[in-house]
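**Q** Structure provided below as structure tokens; questions to follow.
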Amino acid sequence: MIVMAAIRRTALVLCCATTGLAHATAPTTLTAPLQETQLVAATSAATTTPGPESFTISTAADYVVTLTDLEFPAELVSAGVVVTQNGAIAGSAQLAAPATNASISLPKASGDYTLYVFGVPSANGGVGTFTVCVALAASPSNCISQNSANQTLSFSGNITLPNTTANPTVSTLSTPLTITSAGAYTFNFTDLSFPTGLATQPQVALFQGSTSIIPPGQSTPSITAGTTLNLSPGSYTILSIAQADPTIQEGLYSLSVQGTSVNLAVPVGLLPAPATFMNSSAQNVTLTVSDYAFPGALTSASALLTAGGATVGSASSIGGAQTFSAPAGTLSLWTYGAPGTTAGTFSADVSGGGTDLFTTAQAVAGPSGSSGSSGPSTLSYAYVVQVTSKAAYEVTATDLQFPSQLGSLSFAVAQNGTLVKPAQTAAAGSISLPLVVGNAVVLASASLPTTSSGSNNTTPLVGLFDVNVQSTGSSAAVLFDQTQNVSSSPSFFSTQTLHINDSASYDLTLTDLKFPLAFDSLSLVVTRGSQVLGKVFGAGTLSFNSSPGDYLLTFVASPSTDQQFGLYALSAAYSPPTVTLTSNVASAAAGSFITLSFSSTNATSCTASGGWTGTEPTTSSTVTETLAATTTYTLTCTGPGGSANQSVTVTATAAAASSSHGGGALDLVSVCGLVGLVLLSNLKRRR
């Protein structure tokens, strides 16, 4: 979430995309101009861990970025590195075997940068490791772990082949290890066998920068469970590779380093990240797993509760609730569901001391291509909603028809492990129902659009819907609102929440950075709840008038069919003011009246200059002026998005010849008339 405070002529630059499942970007508070960039990866592209890395150079200097293949457990087939700044590419470099490194020069570098690595690992190992060094050009190999003013930055990571049925799931971990005092440190890792055992045990290695730490008596960096290493103070990186069961494709293991803060439960393959919560005191807790059979029943559903890397207890929907002792502190709740003939949903609830401690809900995809009917594939969704007061509520699901209309959409609500009312379709309208204080679960099921919105056969089927829960009555309040993507290829989705604190007009500009090539398809929709505020297809700018609140930006991007990756940017800024100023005549006799008409948009103040002066209203208005000579009138209007002005010139012509005889002094009537004109001109300035 990005909080947009009152900023003047400030552009928020985002390059948002996904690598893997759809995601929402982490909350960010905008206190200064902010720039973010990310790669878009095709479903078949290898994934990189960690993701984008940001660094800041506070004093201008010549820098160099070096990507190095660590050749563990095998060399990379190819790799590349790209650096962006302010929504533009600052530099890029490609590494291709047999080369082991590639470099980017950043002359006179200064400011904030974002760095990405992408590439292809060996097909045999399915994963490769790399290090990236950002250093002063005068000393390109002098890398340190932490970035500071005019210092260097380095980090290690890995590139993994995508998960496929033919290639059992491989997962990697890159986690920092800080050693504060020299000594012997023991590395331990254990298969936790949830939901089943791993296909291969983890391969673990330790690096300091680009240097591998070789265990005593070995020639390779591979660490076995129970290995003790003598380490000096400093910053290290643990790299781990594990493979899940080829059928279940999900697994879990523990990893710890005795005497340090590293004590983790590490997911493998498709196992979702855990839900975490705080257990305020050591106590007995009860774990309950509920299968909602929506839209279809699951073959099985189970959950595992861990504290750090240690197992606390487990339960399943078939075995019933289980009670066990849990320590105080942070607990992690892992869930697994096996589909039946179609998609399904379930929840896992932890209670203790007679109250709910935590509830999580999980959607399970059906077998590939299945729907339970002859229609397109069905996907399911589950959301936990906190109900703070017992009342009547209304639940609504809306197909936003972006970029395509969904094949179908239905929804339901559950509480205390059962559906409150039978499911119904979105077309049938809202569900009105009573809810009690506690956690409720909103369920949704959607089938993919029947036709693609893209221009070629590679574009995925994509849709978007919104689910809303609000209280009923005269003082209705929104309890929950979620906009959800539906796609045959979720990797093309990204969402960004924009929190706006003021009422103003904003411009959102979507740009294809065409790296390495232009996208096959690129689109953006801005929504607030079920209201669609604007859409952009390909590239362009949309404007909308805001009121304080949250807005959802949803991106759909498909890289070129010739490429695995793409890069795009979004800028968000206050709309600049516009000014119109016209005269009722282009020329007039000297001494006569003219009328100026003017208006503005996105402005908070307007000031007249040139042939007129003073403060003018920002709304549509007119004024009358006396034209003494050829005059240029200017109106300047200022708003949050900057300033704008417009001028109009009126030419004075000679006054009509007097009909009186002689040509002597002005008569009394003429003098009085001119005085009256001057007085009228002064009075009209105040309308």
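The values are calculated or read from the model by the stated rules, or taken from the named source; none is laboratory data. Worth saying up front: this structure is predicted, and the values here are computed from it rather than measured. Neighbour counts run over all protein chains shown; Cβ positions are idealised from the backbone, glycine included.
**Q** Are any of the residues in region 83-93 outside any strand (DSSP E or B) and surrounded by fewer than 19 Cβ atoms within 10 Å (Cβ to Cβ)?
**A** Yes: region 83-93 contains one or more residues that are outside any strand (DSSP E or B) and surrounded by fewer than 19 Cβ atoms within 10 Å (Cβ to Cβ).
**Q** Would you pick out the residues in region 48-72 that are in a strand (DSSP E or B) and free of Cβ contacts under 8 Å to residues at least 60 places away in the same chain?
**A** Selection gives 60 alone.
**Q** Same structure, new question: Kindly state which strands (runs of 3 or more DSSP E) lie completely within region 233-277 and contain at least 3 residues that are of a type in the set (Val, Ile, Thr).
**A** In region 233-277, 234-243 are the strands (runs of 3 or more DSSP E) which contain 3 or more residues that are of a type in the set (Val, Ile, Thr).
**Q** What are the residues in region 527-573 that are touching a Gly at 6+ places or on another chain (Cβ under 7 Å) and within 26 Å of residue 603 (Cβ to Cβ), if any?
**A** 528, 542, 544, 571, 573
**Q** Still on this structure, I have one more. Report yes if some residue within region 653-674 is of a type outside the set (Val, Ile, Thr), at pLDDT 95 or above and farther than 30 Å from residue 502 by Cα; otherwise report no.
**A** Scanning region 653-674, I find no residue that is of a type outside the set (Val, Ile, Thr), at pLDDT 95 or above and farther than 30 Å from residue 502 by Cα, so the answer is no.
**Q** Of all residues in region 350-375, count the ones that are at pLDDT below 85 and crowded, with 18+ Cβ neighbours inside 10 Å.
**A** 2
**Q** Residue check: is residue 282 touching a Leu at 6+ places or on another chain (Cβ under 9 Å) and either of a type in the set (Gly, Ala, Ser) or free of Cβ contacts under 8 Å to residues at least 40 places away in the same chain (or both)?
**A** Here the answer is no, as residue 282 does not meet what is asked.
**Q** Which residues, taken from region 104-130, are of a type in the set (Ser, Thr, Tyr) and crowded, with 17+ Cβ neighbours inside 10 Å?
**A** Those that are of a type in the set (Ser, Thr, Tyr) and crowded, with 17+ Cβ neighbours inside 10 Å: 113, 114, 116, 122, 129.
**Q** Still on this structure: Which one is modelled with the lowest pLDDT, of the residues in region 416-429 that are surrounded by 15 or more Cβ atoms within 10 Å (Cβ to Cβ) and in contact with a Leu (Cβ under 6 Å, 6 or more places away or on another chain)?
**A** Top of the filtered list is 426.
**Q** Looking at (1) modelled with pLDDT under 85; (2) over 17 Å from the mean Cα position of the chain (by Cα), which is the one condition that is false for residue 506?
**A** Status for residue 506: all satisfied but (1).
**Q** Determine whether residue 547 is surrounded by 16 or more Cβ atoms within 10 Å (Cβ to Cβ) and hydroxyl-bearing (Ser, Thr, Tyr).
**A** no
**Q** Let me ask something else about it. Can you say whether residue 280 is within 30 Å of residue 326 (Cβ to Cβ), modelled with pLDDT under 95 and not assigned by TED's automatic domain parsing to the domain that holds residue 193, as far as the supplied structure shows?
**A** Yes.
**Q** Return the residues of region 197-222 that are in contact with an Asp or Glu (Cβ under 9 Å, 6 or more places away or on another chain) and touching a residue at least 60 places away in the same chain (Cβ under 8 Å); say none if nothing qualifies.
**A** Across region 197-222, the qualifying residues are 198, 202.
**Q** Yes or no: residue 325 in a strand (DSSP E or B), in the same structural domain as residue 479 (by TED's automatic domain parsing) and over 29 Å from the mean Cα position of the chain (by Cα)?
**A** yes
**Q** Of the residues in region 131-149, how many are surrounded by 13 or more Cβ atoms within 10 Å (Cβ to Cβ), modelled with pLDDT under 75 and not small (Gly, Ala, Ser)?
**A** Of the residues in that region, 2 qualify.
**Q** Just to be sure I understand, how many residues within region 313-332 are over 13 Å from residue 283 (Cα atoms) and touching a Gly at 6+ places or on another chain (Cβ under 7 Å)?
**A** Matching residues across region 313-332 total 1.
**Q** What residue, of 567, 533, 542, is in contact with a Ser or Thr (Cβ under 9 Å, 6 or more places away or on another chain) and at pLDDT below 85?
**A** Just one listed residue meets the conditions, 567.
**Q** Further, regarding this structure: So which strands (runs of 3 or more DSSP E) stay within region 463-537 end to end and still have 1 or more residues that are touching a Pro at 6+ places or on another chain (Cβ under 7 Å)?
**A** Counting at least 1 such residues, we get 478-487, 493-500, 521-528.
**Q** Could you check region 558-630 for strands (runs of 3 or more DSSP E) lying wholly inside it with 1 or more residues that are under 27 Å from residue 524 (Cα atoms)?
**A** By residue number, 565-574, 578-583, 592-601.
**Q** For residue 219, all conditions in the list (1) in contact with a strand residue (DSSP E or B) (Cβ under 7 Å, 6 or more places away or on another chain); (2) under 25 Å from residue 71 (Cβ atoms) hold save one; what is the number of the exception?
**A** All conditions pass for residue 219, except number (1).
**Q** Restricting to region 601-632, give me the number of residues that are under 18 Å from residue 576 (Cα atoms), buried (at least 17 other Cβ atoms within 10 Å of the Cβ) and not hydroxyl-bearing (Ser, Thr, Tyr).
**A** So the count comes out to 3.
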